[in-house]
Amino acid sequence: MEIYKILSVLLCYPEYDLISGLDEIKERINQSGIDCSALMPLIEQLQEQDLISLQENYVQTFDRTPTHALHLFEHLHGEDRARGQALVDLMQEYQQYGFEPIGDELPDYLPLFLEFLSVCEPEKAAAYLGEAIHVIAYIGQKLQNNTSVYAGIFQVLEALSPIQAEPLTVPPVRDMDEALEKFGLGVDGVEPLLQNNMSSLTETIKFYPQRKPA
């Protein structure tokens, strides 16, 4: 579905090509038949502000605010080693459908994930979105709490999802110091981020669909 590609583009770092293409983006949104009114504050801001201001706002919003991070698995795994395996699994999903990411972004980067959805069949895209919507909604809520115009993208994604988002029950741990302060050493003296908490995470949220064995 083209709407996923549009959302991916709007969620990327603002460049001249994006700004110059906003009229076409609005036209394609209108042609989609999907209610994207939540995107209008973002599009208006992109049209009205100078490029430098837009770029500074983007960096502040996503690069300097961990709760807004666009790498989805950060909000599930933090710095846990389980994130590495999750990234490998997601890349395999991409490759299985013939999608080869260009550039050096990790596969859980949300604009990249949305680009992948745009090349999937609608039913398959909806299924993948439904598996990821809990994390996406978490980021969207944090953006909304900070009155960011980017929250509109996440509102549209929630509306497109076949599954209603549920709150994250596993809080993200950002670094070892934070983990030690919150949890302390394990009973075996192992630092908390080195312990395998994969089972609790997968019980809470499953990011990608599980395939049935042949």
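The values are calculated or read from the model by the stated rules, or taken from the named source; none is laboratory data. What you are looking at is a predicted structure, and each value in this text was computed from that prediction instead of being measured. So basically every Cβ, Gly included, is an ideal-geometry build from the backbone, and we count neighbours across all protein chains shown. Surface accessibility is based on the protein's heavy atoms, side chains included, excluding ligands, DNA and RNA. Shrake-Rupley method; radii C 1.70, N 1.55, O 1.52, S 1.80 Å.
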Practice task
Give, in nm to one decimal, the length gained when the segment between Asn30 and Glu44 is fully stretched (0.36 nm per residue of separation minus the Cα-Cα distance).
Solution key: 3.5 nm
Exercise for the section: Could you go through the stretch 111-128 in sequence order and give the Karplus-derived ³J(HN,Hα) for each residue, using 6.51 cos²θ - 1.76 cosθ + 1.60 with θ = phi - 60°, rounded to whole Hz, and x for Gly and Pro? Expected result: x, 5, 4, 5, 4, 4, 4, 5, 9, 7, 5, x, 5, 5, 4, 5, 5, 5
Exercise for the section: Evaluate the distance, in nm, between pseudo-label points positioned 7 Å from the Cα of Ile52 and of Glu15 along their respective Cα→Cβ axes. Expected result: 2.1
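Keeping all protein chains in place, calculate the accessible area per residue for the stretch 1-136 (probe 1.4 angstrom), answer in Å².
49
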Exercise for the section: Tally up the carbon and sulfur contribution to the accessible surface of the stretch 75-119 as a whole percent, 1.4 Å probe, everything protein left in place. Expected result: 47
Handout entry: Two-site FRET efficiency, Glu100 against Ala159, from Cβ-Cβ distance with R₀ of 25 Å, rounded to 0.05
Key = 0.30
Handout entry: Pairwise centroid distance, computed over Cα atoms, of the stretch 106-142 with the stretch 82-102, Å
Key = 13
